[in-house]
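Novice: Dropping a structure here in structure tokens format, bear with me for questions.
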Amino acid sequence: MALADVTDWISEFGRPGNIWYAKRLSANDTLATGSHQAGLYIQKEFLFRIFPSLVRTDAINPDINFDLYIDSHVDHQKARAIWYNNKMWGGTRNETRLTRFGGQQSALRDPDSTGALAVFVFAPVAQDTTMECHVWVCQAPIEEDLFEERLGPVEPKSHVIWIPGSEPSAVLPNVTAGQRDSCCMSEQEIPRAWLEKLPTGEEIIRKTLELSPAHGVNPDMRLLKRRRCEYEIFQSVEQVIFLPRIQIRFETITDFIRLAQKILQSRKSRSGNSLELHARAIMTEEGLRPEADFSYRPVIEGGKEPDFLFPSKSAYDDATFPVGRLRMLAVKTSCKDRWRQVINEANRIPVKHLLTLQEGVSEGQFREMREAGVHLVVPSGLHTSYPKSIRPHLVSFESFIGDVRLLNLPA
């Protein structure tokens, strides 16, 4: 399929009035696992929005037929949207799927499509009119790049909803029992001590881990999700503590400035070492042992204090421990210009790893980093925000953890 066809398709269906749903096809979706799972999983709330007639509690497994065109593979099927709701009737299922694609000959069910980016476009229609859905199943990375330039990264086990004319909304995996969609807290949920004294960064991180446990989410996604969760917690506390004071009329400008400075200071305090605390928590969850597999903020030669050393400070201090089995990880939310601070940390380690959430650097700056021995560790969900020439050289957080996990193994 010519790239012009992809760009034309994006232009054609990127007009106001359409609703996009993008996801990566899982092994269950494509029958690669051999599970014969019925149909393609689609988020329930989204499908209810597209097909309101599915929302029936008076029938078992309500469904609706619609025309589905897989334009990337010139295929048309009379597909079905179904709500498997038998949990309401004593069963176990409560999920929505799209089915009847025509078996493995369909690109949506072909095992070779596992991991491919699939984009579904629905156009709202008048009542009693058959819904149409147009689909593009990407067959090459360059096609995925074109879509992700419009939608942003689409990670496995997640989806992106886009209404042309608005910002795409990335949605993380459906939460399981014990989790929640948002970490925003009501005043009643906020610990009473926090209302009397603002919580420390570590206290907020502990609350974040409580509201957003691991539950099989990979380290890269977990890191981004928890950063968002932590910020929602902080916003909740900030709202309860500071909003009533802001709404009160200030007697003097000095009073106003004093409160504004307090708010700014509380934000700086929260964000100061947030990312490294999240990284430390995730590394521990992944089985790395403090002071055995990593050291956090150790003091080494010259009073230097790198964020993390691997496998430990004692190994770093041991002149007989092989340099090739030492690692260092610096943590900086934004690395522009600040990456130079990393160069002189941990003299024994020539290659410095830097974990950052910055969305992209210039090719010139990246080349300068590499020449200085600085390698970027970036959550995989942010890789597409970097120039294409840089992406192959980025290290995901999950890959970095996998590397340092091996450092203590016998040579």
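Novice: Mind checking which residues of segment 190-199 are exposed (fewer than 12 other Cβ atoms within 10 Å of the Cβ) and either within 12 Å of V240 (Cβ to Cβ) or of a type in the set (A, V, I, L, M, F, W, C) (or both)? Show your work before the answer.
Specialist: Here is the first cut: in segment 190-199, the ones exposed (fewer than 12 other Cβ atoms within 10 Å of the Cβ) are 192-193, 196-197.
The answer is R192, A193, E196.
Novice: A further question on this structure: Considering each of L146, L108, L98 in turn, give the residue that is under 26 Å from S11 (Cβ atoms) and assigned to a loop (DSSP other than H, G, I, E, B). Spell out the reasoning first.
Specialist: Values: L146 fails: assigned to a loop (DSSP other than H, G, I, E, B); L98 fails: assigned to a loop (DSSP other than H, G, I, E, B).
Within the list L146, L108, L98, the selection yields L108.
Novice: Does F66 count as open to solvent by less than 70 Å² (accessible area, probe 1.4 Å), in contact (Cβ under 8 Å) with a residue 60 or more places away in the chain and either touching a helix residue (DSSP H, G or I) at 6+ places or on another chain (Cβ under 7 Å) or among the aromatic types (F, W, Y) (or both)?
Specialist: Numbers: open to solvent by less than 70 Å² (accessible area, probe 1.4 Å): yes; in contact (Cβ under 8 Å) with a residue 60 or more places away in the chain: yes; either touching a helix residue (DSSP H, G or I) at 6+ places or on another chain (Cβ under 7 Å) or among the aromatic types (F, W, Y) (or both): yes.
When the stated conditions are applied, F66 passes them.
Novice: Which residue out of R222, R245 is part of a helix (DSSP H, G or I), over 20 Å from the mean Cα position of the chain (by Cα) and over 20 Å from E189 (Cα atoms)? Steps first, please.
Specialist: Details: R222 fails: over 20 Å from the mean Cα position of the chain (by Cα).
Selected residue: R245, the only one of R222, R245 that is part of a helix (DSSP H, G or I), over 20 Å from the mean Cα position of the chain (by Cα) and over 20 Å from E189 (Cα atoms).
Novice: If you scan segment 200-226, which residues turn out to be farther than 15 Å from E285 by Cβ, open to solvent by less than 50 Å² (accessible area, probe 1.4 Å) and at pLDDT below 85?
Specialist: G201, the sole residue that qualifies.
Novice: Can you tell me how many residues in segment 36-63 are within 20 Å of Q77 (Cβ to Cβ), touching a helix residue (DSSP H, G or I) at 6+ places or on another chain (Cβ under 9 Å) and open to solvent by 20 Å² or more (accessible area, probe 1.4 Å)?
Specialist: The total comes to 4.
Novice: Additional query: Is there a residue in segment 366-379 that is open to solvent by less than 30 Å² (accessible area, probe 1.4 Å), modelled with pLDDT under 90, of a type outside the set (A, V, I, L, M) and farther than 27 Å from E286 by Cα?
Specialist: yes
Novice: May I ask you to list the residues in segment 355-379 that are within 19 Å of the chain's Cα centre (by Cα) and more than 30 Å from P322 (Cα to Cα)? Full working, then the answer.
Specialist: Just the residues of segment 355-379 that are within 19 Å of the chain's Cα centre (by Cα), to begin with: 355-360, 376-379.
Correct list: L357, Q358, E359, G360.
Novice: Looking at segment 74-101 only, could you name the residues that are closer than 18 Å to Y21 by Cα and either surrounded by fewer than 20 Cβ atoms within 10 Å (Cβ to Cβ) or not β-branched (V, I, T) (or both)? Walk me through it before giving the result.
Specialist: Step one: of segment 74-101, the residues closer than 18 Å to Y21 by Cα are 79-83, 95-99, 101.
Scanning segment 74-101 gives A79, R80, A81, W83, E95, R97, L98, T99, F101.
Novice: Okay, moving on. Using beta carbons and a limit of 9 Å, which pairs, at least six apart or on different chains, have the first residue in segment 204-232 and of a type in the set (F, W, Y) and the second one surrounded by 19 or more Cβ atoms within 10 Å (Cβ to Cβ)?
Specialist: Y231/C183; Y231/R270; Y231/S274
Novice: Continuing with this model, one more query. Would you confirm whether or not segment 319-328 contains a residue that is of a type in the set (S, T, Y) and surrounded by 12 or more Cβ atoms within 10 Å (Cβ to Cβ)? Walk me through how you get there before you give the answer.
Specialist: Pass one, segment 319-328, residues of a type in the set (S, T, Y): 320.
Those still in the list that are surrounded by 12 or more Cβ atoms within 10 Å (Cβ to Cβ) too: none.
Within segment 319-328 (the criterion being of a type in the set (S, T, Y) and surrounded by 12 or more Cβ atoms within 10 Å (Cβ to Cβ)), the answer is no, since none of the residues qualifies.
Novice: Going by the conditions given, is N65 more than 20 Å from R15 (Cα to Cα), modelled with pLDDT of 90 or more and not basic (K, R)? Outline the logic, then answer.
Specialist: Values: more than 20 Å from R15 (Cα to Cα): yes; modelled with pLDDT of 90 or more: yes; not basic (K, R): yes.
So N65 passes the test.
Novice: While we're on this one: Could you say which residue among S362, S396 is in contact with a Ser or Thr (Cβ under 7 Å, 6 or more places away or on another chain) and of a type in the set (G, A, S)?
Specialist: Numbers: S362 fails: in contact with a Ser or Thr (Cβ under 7 Å, 6 or more places away or on another chain).
Criteria check complete, one pass: S396.
Novice: Related question: Tell me which of these A346 doesn't satisfy, since it passes every other one: (1) open to solvent by less than 10 Å² (accessible area, probe 1.4 Å); (2) of a type in the set (G, A, S); (3) over 29 Å from S314 (Cα atoms).
Specialist: (3)
Novice: Here is a further query. Going by the structure shown, is E286 over 25 Å from the mean Cα position of the chain (by Cα) and surrounded by fewer than 21 Cβ atoms within 10 Å (Cβ to Cβ)?
Specialist: Details: over 25 Å from the mean Cα position of the chain (by Cα): no; surrounded by fewer than 21 Cβ atoms within 10 Å (Cβ to Cβ): yes.
When the stated conditions are applied, E286 does not pass them.
Novice: For a quick check of your reading of the model, give me the residue pairs whose first member lies in segment 390-403 and is over 11 Å from P219 (Cα atoms), whose second is in a helix (DSSP H, G or I) and open to solvent by less than 50 Å² (accessible area, probe 1.4 Å), with beta-carbon atoms closer than 7 Å and at least 6 apart or on different chains.
Specialist: Pairs that qualify, where the first residue is over 11 Å from P219 (Cα atoms) and the partner is in a helix (DSSP H, G or I) and open to solvent by less than 50 Å² (accessible area, probe 1.4 Å), are I390/F366; R391/H383; L394/H383.
Novice: Among the numbered criteria (1) exposed (fewer than 14 other Cβ atoms within 10 Å of the Cβ); (2) of a type outside the set (S, T, N, Q); (3) not in a loop (DSSP other than H, G, I, E, B), which one does H134 miss?
Specialist: Here H134 clears every test but (1).
Novice: Still on this structure, I have one more. How many of the residues making up segment 352-411 are among the small types (G, A, S) and more than 26 Å from L151 (Cβ to Cβ)? It would help to see each step written out before you state the result.
Specialist: Taking segment 352-411 and keeping what is among the small types (G, A, S), we get 360, 362, 364, 372-373, 380-381, 385, 389, 396, 399, 402, 411.
Right, trim to more than 26 Å from L151 (Cβ to Cβ) and you get 364, 372-373, 402, 411.
Matching residues across segment 352-411 total 5.
Novice: Search segment 380-411 for residues being small (G, A, S) and part of a loop (DSSP other than H, G, I, E, B), and hand back the single one that is most open to solvent (accessible area, probe 1.4 Å). If you could, list the steps in order and put the result at the bottom.
Specialist: To start, the set of residues in segment 380-411 that are small (G, A, S) comprises 380-381, 385, 389, 396, 399, 402, 411.
Filter again for part of a loop (DSSP other than H, G, I, E, B), leaving 389, 396, 411.
Details: S389: 62, S396: 18, A411: 128 Å².
This residue is A411.
Novice: Of (1) open to solvent by less than 70 Å² (accessible area, probe 1.4 Å); (2) within 16 Å of I19 (Cβ to Cβ); (3) at pLDDT below 85, E148 satisfies all except one. Which?
Specialist: (2)
Novice: So for segment 72-89 (the condition being in contact (Cβ under 8 Å) with a residue 60 or more places away in the chain and within 22 Å of F13 (Cβ to Cβ)), does at least one residue qualify? Give the derivation first.
Specialist: Residues of segment 72-89 in contact (Cβ under 8 Å) with a residue 60 or more places away in the chain: 72-73.
Now restrict to residues that are within 22 Å of F13 (Cβ to Cβ): 72-73.
Yes: segment 72-89 contains one or more residues that are in contact (Cβ under 8 Å) with a residue 60 or more places away in the chain and within 22 Å of F13 (Cβ to Cβ).
Novice: Give all pairs with beta carbons closer than 7 Å in which a residue from segment 350-362 that is free of Cβ contacts under 8 Å to residues at least 40 places away in the same chain and farther than 14 Å from G381 by Cβ meets a residue that is of a type in the set (V, I, T) and open to solvent by 50 Å² or more (accessible area, probe 1.4 Å); count only pairs at least 6 apart in sequence or on separate chains.
Specialist: Short answer, once both residue conditions are applied: K352/I343.
The values are calculated or read from the model by the stated rules, or taken from the named source; none is laboratory data. The structure presented is a predicted model; accordingly, all values stated were derived computationally and were not measured. Cβ coordinates were reconstructed from backbone atoms using ideal geometry, including for glycine residues, and neighbour counts include every protein chain displayed. Heads up: the accessible areas ignore ligands, DNA and RNA and are worked out on the full protein's heavy atoms, side chains in. Shrake-Rupley method; radii C 1.70, N 1.55, O 1.52, S 1.80 Å.
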